[in-house]
Every structure is written in C-alpha cells, then in structure tokens.
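See structure below.
The values are calculated or read from the model by the stated rules, or taken from the named source; none is laboratory data. This structure is a prediction, so every number in the text was calculated from the model and none was measured. As a convention, Cβ positions derive from the backbone with ideal geometry for all residues, glycine included, and neighbour counts pool all protein chains shown. For the accessible areas, the whole protein counts, side chains as well, though only heavy atoms, and no ligand, DNA or RNA atoms are used. Shrake-Rupley method; radii C 1.70, N 1.55, O 1.52, S 1.80 Å.
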Amino acid sequence: MTRGFYIGRFQPYHNGHHRVVEQIATEVDELVVGIGSAGDSHTTRNPFTAGERIMMITKSLVDFDLVTYAVPIEDLDRNAVWVSHVQSMSPNFDVAYSNNPLVIRLFDEAGIEVRQSPMFERDVLEGTEIRRRMAEGGDWRELVPKPVADVIDEIDGIDRIRKVSDTDAGDSPAE
C-alpha cells in the first residue's frame, strides 16, 4: 500500500486542487491532505479556518475511490525542521506531492520521494484570483467543486472575504 501526502493552503480548495488529487489518486492507495497555515484565518490571504477547509476538502473528495485524511499543519518558521513537524502532525506517508521549490527541497533533504503534479489552468485556478472574484462579486463558483461553494455559502464566506478585504487595519485585529 502506498500513502501520499499533498499539502496546500486551500484558500479555498478549487478545481485545480481537485484535478491534482484526481491524478494523485491513480498513483496511491491513500492520501493525506495537509492543510497548511492551519492557524491562519480571517485575513485577505487566508480567509477560511482550518476546520472550514477540512469541510471543503472532505465533502469534495467523498466520491473519490480513495481513503483520505485531512490534517491541519500549523506554520513553523524553521525550515530545517519543517518536514519532521509535518510528519509529527500526519499519518506516515511514502511520497509527497508538491510543485513548491522549497517544499520539494525540504522533503528531498529528508529523504522523502517527491513527485510534482501537473498544474491546471493556473492563470484562473489560483486562490488569489478566486478570492479576488469573491471580494468583487465576480464569477467564482465555476472554479470550485460544488461542495466548496456550499461550505462557503454555509459560513457566509463571501461576506467575510469582503469585510477582511475592506479593512485598513491590516491582517491583525490588534493593529
């Protein structure tokens, strides 16, 4: 049995991520989805909580013939120990999937096989673009799986994104 690991911020989980997971599913028996920056939420860059992102991913992957585990991974600002941090928060895995050069380097240095995944319509299927469309009232629903749109509706995510985008106080409530 092979278990893969795929990390992202998933702000929000979108069709590009979904296609990557679909591709990974052809290569592994189980998949750990690492929810990166798990401690961040309610900001322009990271509007959704880890729990909300877990809901988005879990509901989107329910029809895949793939055992998945969504695990929150809080940021650690010490790259030299980042892989061991990830491993301490996750079920064991055999192969990691990433296109991020730093993540690839860190897993490689730790002796973990890394496979790059294809990127799909990266000019549109990108979190910043989707969040921009949400904030500006543009068409974003076609860019995410339906369960993700349902979660965003349930949590009133569009209103949250608009409010955190409109603030002149920065990303911290203390500023």
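One line per residue, one yes/no per condition, for (1) more than 30 Å from Val28 (Cα to Cα); (2) outside any helix (DSSP H, G or I); (3) open to solvent by less than 20 Å² (accessible area, probe 1.4 Å):
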residue: Gly111; (1), (2), (3): no, yes, no
residue: Ser117; (1), (2), (3): no, yes, yes
residue: Arg133; (1), (2), (3): yes, no, no
residue: Val148; (1), (2), (3): no, no, yes
residue: Val151; (1), (2), (3): no, no, yes
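So which of Val81, Val103, Val67 ends up being farther than 26 Å from Asp166 by Cα, in contact (Cβ under 8 Å) with a residue 40 or more places away in the chain and β-branched (Val, Ile, Thr)?
One residue alone meets the criteria, Val103.
Please enumerate the residues belonging to the range 51-61 that are open to solvent by less than 40 Å² (accessible area, probe 1.4 Å) and in contact (Cβ under 8 Å) with a residue 60 or more places away in the chain.
Passing the criteria: Glu52, Met56, Ser60.
When you scan the range 107-129, do you find a residue that is at pLDDT 95 or above and among the aromatic types (Phe, Trp, Tyr), even just one?
yes
Run Trp140 past the list (1) open to solvent by 40 Å² or more (accessible area, probe 1.4 Å); (2) free of Cβ contacts under 8 Å to residues at least 12 places away in the same chain; (3) not β-branched (Val, Ile, Thr) and report the number of the one that doesn't hold.
Here Trp140 meets the rest and fails (1).
Within the range 29-45, how many residues turn out to be over 18 Å from Met89 (Cα atoms), surrounded by fewer than 17 Cβ atoms within 10 Å (Cβ to Cβ) and free of Cβ contacts under 8 Å to residues at least 40 places away in the same chain?
1
What residue, among those in the range 119-131 that are among the charged types (D, E, K, R) and loosely packed, with under 15 Cβ neighbours inside 10 Å, is farthest from Gln23 (Cα to Cα)?
Filtering first and then ranking leaves Asp123.
Could you tell me whether Thr26 is part of a helix (DSSP H, G or I) and surrounded by fewer than 22 Cβ atoms within 10 Å (Cβ to Cβ)?
In short, no.
Considering each of Phe93, Phe48, Phe64, Phe10 in turn, give the residue that is open to solvent by less than 50 Å² (accessible area, probe 1.4 Å) and at pLDDT below 95.
Going through Phe93, Phe48, Phe64, Phe10 in turn, the sole match is Phe64.
Which one of Arg19, Arg105 is outside any loop (DSSP other than H, G, I, E, B), open to solvent by 10 Å² or more (accessible area, probe 1.4 Å), more than 26 Å from Gly157 (Cβ to Cβ) and of a type in the set (Lys, Arg)?
Arg105
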